[in-house]
1. Consider ALA116 against the criteria (1) touching a Phe, Trp or Tyr at 6+ places or on another chain (Cβ under 9 Å); (2) over 18 Å from ASP281 (Cα atoms); (3) not acidic (Asp, Glu): it satisfies all of them except one. Which criterion is unmet?
2. Restricting the search to region 241-279, which residues are assigned to a loop (DSSP other than H, G, I, E, B) and either modelled with pLDDT of 90 or more or closer than 14 Å to ILE101 by Cα (or both)?
3. Find the residue count for region 141-185, including only residues that are more than 19 Å from LYS120 (Cα to Cα) and crowded, with 22+ Cβ neighbours inside 10 Å.
4. Report yes if THR47 is at pLDDT 90 or above, closer than 27 Å to PHE285 by Cα and polar (S, T, N, Q), otherwise no.
5. Could you give every pair whose Cβ atoms fall below 9 Å, whose first residue belongs to region 262-276 and is under 15 Å from GLY80 (Cβ atoms), and whose second residue is in a loop (DSSP other than H, G, I, E, B) and of a type in the set (Asp, Glu), counting only separations of at least 6 or pairs across chains?
6. I want to confirm something. Restricting to region 190-240 and keeping residues that are at pLDDT 90 or above and part of a loop (DSSP other than H, G, I, E, B), which single residue is nearest to ASP264 (Cα to Cα)?
7. Is there any pair with a first residue in region 174-189 that is in contact (Cβ under 8 Å) with a residue 24 or more places away in the chain and a second that is among the acidic types (Asp, Glu) and not in a strand (DSSP E or B) whose Cβ atoms are under 6 Å apart and which are 6 or more apart or on different chains, and what are they?
8. Just one of the numbered conditions (1) in contact (Cβ under 8 Å) with a residue 24 or more places away in the chain; (2) buried (at least 16 other Cβ atoms within 10 Å of the Cβ); (3) not aliphatic (A, V, I, L, M) is not true of ARG56; which one?
Amino acid sequence: MAFGGKSFFGKLQEKIERVIFQRPAIDEGMLEELEEALITSDIGMDTTERIVSELREAIKRERLSGADEVKAQIAAIVEGIVDKGERHAICGSTPLIIMMIGVNGGGKTTSIAKLAHIFKREGKSVLLAAADTFRAAAGEQLEIWGERVNVNVIKHKEGADPSAVIYDAIQSAKAKGIDVLICDTAGRLQTKKNLMAELEKMNKVIGREFPEAARENLLVLDATTGKNAVSQAREFGQAAEISGLILTKMDGTAKGGIAITISDEFDLPVKYIGLGEKIDDLEAFDPAGFAASIFSQGQYGQ
């Protein structure tokens, strides 16, 4: 997607194009510079090596000689990495329970509201559960967003048992025939062990009280945090079975490479991308459009 005349990837696009167009030939020197450009754009070492290796093979196999051919090949390689097929789509079955997981400050609460807005726009009924009872005013913040999108919120007092909130929300959802229950969760506890224990306890409550419900565990990551997002994906992946990602703040300030890295290293599908602060600024992920936007070969989301 274009932002102020720049491509969706911004700095990543600029770095790659600088390497390709300033080199007099498509040679090993160009590939070394490309490798450096990718690493400094939040793409991990292993993923960078994969991209460069596949590009090197394509150059030999296809006898690529022009900058445009190299650009198109890089976009094709990136698409191959991020494209997880049908796994990008959010579960269409109802009743559906979505656990929203991620660190505080990463855009989790606003993503919950935007996701609720999307479901309501599809004609589905939605209920929110304020199960992040450890962060001050987390429940109140979710209530404010609930009012904005006209969705009810189940919450307890600060410091309450998160699993008790989930239990009450499930009972309410079942009684009212709610299509989608979206649950906020704590982003940080005293220790990693406590965090894992809380998520495991909530999952047990859901499994016991609403076994027939479809499930999604969505990890919300702030794309501007770069390689820190990789460590977050690893940590939360140990605490819960993640079914997909929501990448926030992909509005031109992020370097862009983190989406490629996490798709590669964890084989996780990106389901949505947050492109701004407005309620409609959450878009379903399009692998082809995402890859093409590296060189403005297409406008992502359009």
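The values are calculated or read from the model by the stated rules, or taken from the named source; none is laboratory data. Just so it is clear, the structure is predicted and the values come from calculations on it, not from any experiment. As a convention, Cβ positions derive from the backbone with ideal geometry for all residues, glycine included, and neighbour counts pool all protein chains shown.
1. Failing condition for ALA116: (2).
2. Listed by number, the residues that qualify are GLU241, ILE242, SER243, ASP267, LEU268, PRO269, ILE279.
3. Total satisfying the criteria: 5.
4. Numbers: at pLDDT 90 or above: yes; closer than 27 Å to PHE285 by Cα: yes; polar (S, T, N, Q): yes.
In short, yes.
5. Note: pairs meeting the criteria are SER263/ASP83; PRO269/ASP83.
6. This residue is ALA213.
7. ASP184/ASP132; THR185/ASP132; ALA186/ASP132
8. Of (1) in contact (Cβ under 8 Å) with a residue 24 or more places away in the chain; (2) buried (at least 16 other Cβ atoms within 10 Å of the Cβ); (3) not aliphatic (A, V, I, L, M), only one is false for ARG56: (2).
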